[in-house]
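S.K.: Structure below; questions to follow.
The values are calculated or read from the model by the stated rules, or taken from the named source; none is laboratory data. It should be emphasised that the depicted structure is a prediction, and the values quoted were computed from it without experimental measurement. Here the Cβ positions follow ideal geometry from the backbone for every residue, glycine too, while neighbour counts run over all protein chains shown.
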């Protein structure tokens, strides 16, 4: 590993890696699957990273249709939830990203205010009034091998920002990319799709 790569690794280690942070796609993002996406990093460490896209919907699948696949009936009057596209890896795998007021043995703590649960039980909770105050239902995820995410950030693929619950759970999906940029004082007009590499 070269000196530059060592410095990048130390940078992330000193900041507890990027777990619980947002990734904001730069206009230079060449992968169309991630164009103008905002991703919550759920885990990041020396072995790689995993995150969930929070500003794309999963096609035409609705909450009731998803529940039917698990034999759960959506009761009349139960709250509806949008189904988000979390990324291209394992698109049939489901997650619920939620506020910390819901907890179970299967819940993963991303930050003090943000948790992740991937069980059928939380799907039932979402229909029975035992749901967390805020929740995003997500299918699929984004994954990076060791060093891959760091390299993409170094080559200007992503900006990073603290996770803001108001942005994460905003119902206006179309605005999340711009809101995430604004949260770190960046305007989309300041960004060029052909920015040079640092």
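S.K.: Go through segment 63-182 and tell me which strands (runs of 3 or more DSSP E), entirely inside it, have 1 or more residues that are within 19 Å of the chain's Cα centre (by Cα) and modelled with pLDDT under 90. Outline the logic, then answer.
M.R.: Numbers: elements: 83-85, 89-99, 108-111, 114-117, 135-145, 158-162.
Strands (runs of 3 or more DSSP E) meeting the threshold: 89-99.
S.K.: Provide a single number: the residues in segment 75-128 that are at positive phi and touching a helix residue (DSSP H, G or I) at 6+ places or on another chain (Cβ under 9 Å).
M.R.: If we filter segment 75-128 for residues that are at positive phi, which is where we start, we get 77, 87, 90.
Subsequent filtering for residues that are touching a helix residue (DSSP H, G or I) at 6+ places or on another chain (Cβ under 9 Å) retains 87.
Summing the residues that are at positive phi and touching a helix residue (DSSP H, G or I) at 6+ places or on another chain (Cβ under 9 Å) in segment 75-128 gives 1.
S.K.: Could you tell me which of the residues 164, 170 is without any contact (Cβ under 8 Å) to a residue 40 or more places away in the chain and within 28 Å of residue 103 (Cβ to Cβ)?
M.R.: Working: 164 fails: without any contact (Cβ under 8 Å) to a residue 40 or more places away in the chain.
It is 170.
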